[in-house]
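Data block below; observations after.
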Amino acid sequence: MPSRSEIRPWLVDARFAASAALLPPRVAWFQVRARRLARKTGDVFSLTSVTRPRDLHTLLSVARGRRRVVELGTATGWTAISLALADTDRTVLTCDIAAREEPRRYLGLIGPGVRARIELAIRSGSDGPADDAPVDLLYIDSSHEREETIAEVLAWGPALRTGAVIVFDDYTHPDYPGVREAVAQLGLTGEQRGTLFVHHIPAEVN
């Protein structure tokens, strides 16, 4: 009979798969396969750091209809891939200061058409955009430090369309008070949705 320690990973994966059922089918299928690959390769970083299905469901709901998405904090690449899978007309630029092997590993699970809509950039989010392309959604999941988060918002602000959205990850996480502090210091209004904070850029009034 399997021991409790042997059963536990199976139970955790089963719960993850059940939660992933909330997601669009293509995203759910990727998430389940990515988790299997992470387990197979001993990728503990991905298993412990990815955006959980419930928060990913919220993010994808906020992103609906938004074609140009920028993510600050690539980490494993699962979220950027999920954002691209959820909308066939969407492009995703994802930035990180660290060149990790995980994103390219998981990009191998998707087709070339989806991969072509995802740009991996090794640079700080506070560097801001490298072109004039307007942004519909800015997702910040990077350092979680107050000053860095403020710098990222200010750097990308000019690129945000009217009616765009900024989503902050880990807004309620007790280990990352800098996210909440940055939102407060910037005076951003919005709503907490799960562990995320969602701020809408006001649309122009004619």
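Has region 80-94 got any residue that is in contact (Cβ under 8 Å) with a residue 60 or more places away in the chain, of a type in the set (A, V, I, L, M), crowded, with 18+ Cβ neighbours inside 10 Å and under 22 Å from Ala164 (Cα atoms)?
yes
Considering only region 31-49, how many residues are more than 14 Å from Ala17 (Cα to Cα), buried (at least 17 other Cβ atoms within 10 Å of the Cβ) and of a type outside the set (Gly, Ala, Ser)?
Total meeting the criteria: 1.
Go through Thr195, Thr189, Thr172, Thr162 for me and flag whichever is under 20 Å from Thr58 (Cα atoms) and either out of contact with any Ser or Thr (no Cβ under 9 Å at 6 or more places or on another chain) or charged (D, E, K, R) (or both). Can you show your working first?
Working: Thr195 fails: either out of contact with any Ser or Thr (no Cβ under 9 Å at 6 or more places or on another chain) or charged (D, E, K, R) (or both); Thr172 fails: either out of contact with any Ser or Thr (no Cβ under 9 Å at 6 or more places or on another chain) or charged (D, E, K, R) (or both); Thr162 fails: under 20 Å from Thr58 (Cα atoms).
Being under 20 Å from Thr58 (Cα atoms) and either out of contact with any Ser or Thr (no Cβ under 9 Å at 6 or more places or on another chain) or charged (D, E, K, R) (or both) holds for just one of Thr195, Thr189, Thr172, Thr162, which is Thr189.
State yes or no: is Val167 among the β-branched types (Val, Ile, Thr) and in contact (Cβ under 8 Å) with a residue 40 or more places away in the chain?
It is true that Val167 is among the β-branched types (Val, Ile, Thr) and in contact (Cβ under 8 Å) with a residue 40 or more places away in the chain.
Here are some residues: Arg100, Arg117, Arg90. Which one is out of contact with any Gly (no Cβ under 7 Å at 6 or more places or on another chain) and over 23 Å from Thr58 (Cα atoms)?
Going through Arg100, Arg117, Arg90 in turn, the sole match is Arg100.
Hey, Arg105 hits all of (1) crowded, with 19+ Cβ neighbours inside 10 Å; (2) in a helix (DSSP H, G or I); (3) at pLDDT 95 or above but one; which does it fall short on?
(1)
Looking at the structure I just gave you, is Gly125 surrounded by 19 or more Cβ atoms within 10 Å (Cβ to Cβ) and either among the aliphatic types (A, V, I, L, M) or touching a residue at least 40 places away in the same chain (Cβ under 8 Å) (or both)?
When the stated conditions are applied, Gly125 passes them.
Matching residues to (1) of a type outside the set (Asp, Glu); (2) at pLDDT below 95; (3) within 21 Å of Phe197 (Cα to Cα):
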{"site": "Arg67", "(1), (2), (3)": "yes, no, yes"}
{"site": "Leu85", "(1), (2), (3)": "yes, no, no"}
{"site": "Arg100", "(1), (2), (3)": "yes, yes, no"}
{"site": "Val114", "(1), (2), (3)": "yes, no, no"}
{"site": "Ala130", "(1), (2), (3)": "yes, yes, no"}
{"site": "Ile140", "(1), (2), (3)": "yes, no, yes"}
{"site": "Glu145", "(1), (2), (3)": "no, no, yes"}
{"site": "Val167", "(1), (2), (3)": "yes, no, yes"}
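Could you please find all residues in region 65-98 being over 20 Å from Ala21 (Cβ atoms) and among the polar types (S, T, N, Q)?
Thr74, Thr76, Thr88, Thr91, Thr94
Just to check your reading of the model, which residue among Thr162, Thr172 is surrounded by fewer than 16 Cβ atoms within 10 Å (Cβ to Cβ) and under 15 Å from Asp55 (Cβ atoms)?
On the way: Thr162 fails: under 15 Å from Asp55 (Cβ atoms).
Selected residue: Thr172, the only one of Thr162, Thr172 that is surrounded by fewer than 16 Cβ atoms within 10 Å (Cβ to Cβ) and under 15 Å from Asp55 (Cβ atoms).
Are there any pairs with C-beta distances below 7 angstrom linking a residue in region 31-49 that is at pLDDT 95 or above to a residue that is basic (Lys, Arg) and assigned to a helix (DSSP H, G or I), with the two at least 6 apart or on different chains, and if so which?
Qualifying pairs under 7 Å: none.
Given the conditions (1) out of contact with any Leu (no Cβ under 7 Å at 6 or more places or on another chain); (2) more than 23 Å from Tyr176 (Cα to Cα), report the number of the one that Ser82 does not fulfil.
Condition not satisfied by Ser82: (1).
Can you go through Ala130, Ala203, Ala184, Ala155 and tell me which one is in contact with a Gly (Cβ under 7 Å, 6 or more places away or on another chain) and surrounded by fewer than 15 Cβ atoms within 10 Å (Cβ to Cβ)? Step through it out loud before you land on a result.
Working: Ala130 fails: in contact with a Gly (Cβ under 7 Å, 6 or more places away or on another chain); Ala184 fails: in contact with a Gly (Cβ under 7 Å, 6 or more places away or on another chain); Ala155 fails: surrounded by fewer than 15 Cβ atoms within 10 Å (Cβ to Cβ).
Testing whether each residue is in contact with a Gly (Cβ under 7 Å, 6 or more places away or on another chain) and surrounded by fewer than 15 Cβ atoms within 10 Å (Cβ to Cβ) leaves just Ala203.
The values are calculated or read from the model by the stated rules, or taken from the named source; none is laboratory data. On a predicted model such as this, the values are computed, not experimentally measured, just so you know. Note: ideal-geometry Cβ built from the backbone for every residue, glycine included; neighbour counts use all protein chains shown.
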